[in-house]
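What follows is a short report on a single structure.
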Amino acid sequence: MSYNLDNTPEHLKGPLFQNALQAIDEAGTLMKIDPNILARLKSPRRCIVVSVPVRMDDQSVQVFTGYRVQYNTTLGPYKGGIRYHQKVDLSEVVGLAALMTFKNSVLGLPYGGAKGGVTVDPTKLSRTEKQNLTRRYTSEISQFIGPAKDIPAPDVGTDPQTMAWLMDTYSQEQGGFTQPGVVTGKPIEIGGSLGRTGATGLGVVYITERAFEVQGKTIKGSSLGIQGFGNVGSHAALYAFERGAKVVAVTDLDGGCFNGDGLNIPSLIEHFKQNKTLRGFKGAKDIQNNELITMPLDALLPCALEGVIDVKNAASVGAKMIVEGANGPVTIDATKLLHDRGVFIVPDIIANGGGVIVSYFEWVQDIMSFFWEEDDINGKLKSIITKAFNTTWDTAKEKKVDMRSAAMGVAVKRLEKAMLLRGLYPR
Ligand code: GLU
C-alpha cells in the first residue's frame, strides 16, 4: 500500500514511518478507533533537531546533527533509546519514536514514546570524541529531557558508557545534583539495573519460547538463525543456546557462520570479541547475510536494523517463524505475504520489549533508591512480556489477523481510551 505524499513534509516520508502510518490506519479499522484520535496518533508531537559541534582528536571541529523526537506522551513521560549510526535521519527517528509509542502501550508501561539519534558512525570515533559528542548532544536536548519528562536509553551504536556520560552531563547542568532517573541502561555502579544489558535478548527468547508453545512446539531442539550479533542478537543467541535451541546460523555486518548441528554460542561470543567478525569460526562454514534469509529454519530472529525483509525478498524467506528482535525488520506488506504463507511473525513491539521493560524497572529503582535482585527482575520481565503476547494472541485469534495487526490493535486501543479520558487541550 502507498500514500499520496505530495504535501507531506520530508521528515514524515521515510519508509519506516510510512510503514507505521499504514499499521496505525489498519489498527484504526480493526478496532473501530475514533477518527479524531487516529489523526492525532499519526503525527509526532515534537521533533527536536540540534547541531552538535565536537572537538575531534586532531583539534578540528566537526558539526554533527542530532535528533530527539517526542511522539506521544498520553500514557506517561516520553521513553525511548538513542541511536548513533551513519544512516540516522529525522524521518528514521520519527518512525522509531512512533514504534516506541505503540511498544510502550502494548506492554502496558506508564510511558509515552520517543527516540533520539545522531548521524555518525560511532566506530570511527575515539573514546574522547564519543564522549564529547554525547555530552554536547545531551546539553542541546537537556531542557527537553528529565526523569519526569523524557527518559532516553541505549539503542544501536550506544551503550551503558554512553548513558553514564548522558546522566553526568544532565546532572552537572542541573546544578551538579545526581539524577540517575534521567536515563536508563546505565552501568550498575551509577544506578543501573541488574539484567538490563541482556534484557532485550532475554525478552526475545522468552517470546520465542512462548510462540513455539502456542504452536505446540518447543524451543529445545529447534533450529534458529540470528541476524545481528550486537547487544540484542548476541544475548538472544546465548539464552536460546542455554535453553537447548540449535542456533545454526548467525550473521553480522560482514557475513557470518553456519553449523547444522548448532554453533557453540559462548565460544562464538569469545571469537567475535577477539576477531570483530563471525567469519572464520572453527568448525563452522562462512555464510553471506542473504543466505540466512532463505535458510530453512524453525525461527529467524532479525536483531539488527529495519527493513531487511520487504515485498522483494519475502517470498524467499525460508523460516517457519520470525521473531523481531530489531525495530521494524519486516515491513507490513511483507508481513501479510508471509502470514498468508503460514509464517508466524511476532512483531517488534512485543518481541523486543524486554529492553524497555527492564528500563522501566531501572527508572522505578532509581526513583525509590531501592535495588532489586536479578531473579526478581527477570521474573517480572517474563510476566509483563508474556502478558502482552497472550493479550495479542487472543486478539489475533478473535479478529482472525496476524500478530502484528493484533499487537497494533491492542496498543492503539489503549491509547484511544487514555486520550479520550484526558481530552483535547485546550478543549
Ligand atoms: N532502544 C530500545 C528499544 O528500542 C530500548 C528503549 C528504552 O529502554 O527506553 O526498545
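The values are calculated or read from the model by the stated rules, or taken from the named source; none is laboratory data. Remember, it's a predicted structure, so these values are computed and weren't measured experimentally. Heads up, the Cβs are rebuilt from the backbone with ideal geometry, glycines too, and the neighbour counts pull from every protein chain shown.
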Task: Within the stretch 160-197, tally of residues that are in contact with a Pro (Cβ under 9 Å, 6 or more places away or on another chain), outside any helix (DSSP H, G or I) and within 16 Å of the ligand (Cβ to nearest atom) - done: 7
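What residue, among those in the stretch 325-350 that are within 19 Å of ILE24 (Cβ to Cβ) and in contact with a strand residue (DSSP E or B) (Cβ under 6 Å, 6 or more places away or on another chain), is nearest to the ligand (Cβ to nearest atom)?
Quick first cut of the stretch 325-350, residues within 19 Å of ILE24 (Cβ to Cβ) only: 327-336, 339, 345, 347-350.
Of the ones still in play, those that are also in contact with a strand residue (DSSP E or B) (Cβ under 6 Å, 6 or more places away or on another chain) are 329-330, 334-335, 345.
Numbers: PRO329: 12, VAL330: 16, ALA334: 20, THR335: 19, ILE345: 18 Å.
In this case the residue turns out to be PRO329.
Do we find a residue being within 12 Å of the ligand (Cβ to nearest atom) and surrounded by 24 or more Cβ atoms within 10 Å (Cβ to Cβ) anywhere in the stretch 211-229?
Of the stretch 211-229, the ones within 12 Å of the ligand (Cβ to nearest atom) are none.
No, the stretch 211-229 contains no residue that is within 12 Å of the ligand (Cβ to nearest atom) and surrounded by 24 or more Cβ atoms within 10 Å (Cβ to Cβ).
Among the candidates ALA396, ALA406, which residue alone is modelled with pLDDT of 95 or more, within 20 Å of ALA20 (Cα to Cα), surrounded by 23 or more Cβ atoms within 10 Å (Cβ to Cβ) and among the small types (Gly, Ala, Ser)? Break it down into steps so the answer makes sense when it comes.
Details: ALA396 fails: surrounded by 23 or more Cβ atoms within 10 Å (Cβ to Cβ).
Result: ALA406 is the single residue among ALA396, ALA406 that is modelled with pLDDT of 95 or more, within 20 Å of ALA20 (Cα to Cα), surrounded by 23 or more Cβ atoms within 10 Å (Cβ to Cβ) and among the small types (Gly, Ala, Ser).
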Open item on the list: Cβ contacts < 6 Å: first residue farther than 14 Å from VAL69 by Cα and among the acidic types (Asp, Glu), restricted to the stretch 135-164; second residue part of a helix (DSSP H, G or I) and at pLDDT 95 or above, any location; separation 6+ or different chain. Result?
Closed with: none
Open item on the list: Could you tell me how many of the residues in the stretch 316-338 are over 16 Å from THR294 (Cα atoms) and surrounded by fewer than 21 Cβ atoms within 10 Å (Cβ to Cβ)?
Closed with: 2
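Given the residues GLN174, GLN131, which is the only one that is at pLDDT 95 or above and farther than 30 Å from GLY228 by Cα? Before you say what the answer is, go through the steps one by one.
Numbers: GLN131 fails: farther than 30 Å from GLY228 by Cα.
Result: GLN174 is the single residue among GLN174, GLN131 that is at pLDDT 95 or above and farther than 30 Å from GLY228 by Cα.
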Task: Identity of the residue in the stretch 351-385, in contact (Cβ under 8 Å) with a residue 24 or more places away in the chain and among the β-branched types (Val, Ile, Thr), that ends up farthest from the ligand (Cβ to nearest atom) - done: ILE367
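One line per residue, one yes/no per condition, for (1) surrounded by fewer than 21 Cβ atoms within 10 Å (Cβ to Cβ); (2) part of a strand (DSSP E or B); (3) more than 16 Å from the ligand (Cβ to nearest atom):
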{"residue": "THR29", "(1), (2), (3)": "yes, no, yes"}
{"residue": "ASN36", "(1), (2), (3)": "yes, no, yes"}
{"residue": "SER43", "(1), (2), (3)": "yes, no, yes"}
{"residue": "PRO53", "(1), (2), (3)": "yes, yes, yes"}
{"residue": "GLN59", "(1), (2), (3)": "yes, no, yes"}
{"residue": "ARG68", "(1), (2), (3)": "no, yes, no"}
Open item on the list: Can you tell me which residue is nearest to ARG196 (Cα to Cα) among those in the stretch 125-153 that are more than 16 Å from the ligand (Cβ to nearest atom) and polar (S, T, N, Q)?
Closed with: GLN131
Open item on the list: Condition check: part of a helix (DSSP H, G or I), closer than 24 Å to LEU96 by Cβ and touching an Asp or Glu at 6+ places or on another chain (Cβ under 8 Å). Does SER405 satisfy that?
Closed with: yes
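Every residue, every condition in (1) out of contact with any Phe, Trp or Tyr (no Cβ under 7 Å at 6 or more places or on another chain); (2) within 29 Å of LEU253 (Cβ to Cβ), yes or no:
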| site | (1), (2) |
| --- | --- |
| VAL118 | no, yes |
| GLU129 | yes, yes |
| ARG136 | yes, yes |
| GLN172 | yes, no |
| THR184 | no, yes |
| ILE190 | yes, no |
| ILE219 | no, yes |
Open item on the list: Show the residue pairs meeting these rules: Cβ distance below 8 Å; 6+ apart or different chains; first residue within the stretch 212-231 and modelled with pLDDT of 95 or more; second residue in a helix (DSSP H, G or I) and of a type in the set (Ser, Thr, Tyr).
Closed with: ILE219/THR208; LEU224/THR208; ASN231/THR197; ASN231/THR200
Open item on the list: Can you report the number of residues in the stretch 77-124 which are surrounded by fewer than 24 Cβ atoms within 10 Å (Cβ to Cβ), in a loop (DSSP other than H, G, I, E, B) and more than 12 Å from the ligand (Cβ to nearest atom)?
Closed with: 6
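For the condition of a type in the set (Phe, Trp, Tyr) and under 21 Å from the mean Cα position of the chain (by Cα), what is the one hit in TRP372, TRP393? Walk me through how you get there before you give the answer.
On the way: TRP372 fails: under 21 Å from the mean Cα position of the chain (by Cα).
Only one candidate qualifies: TRP393.
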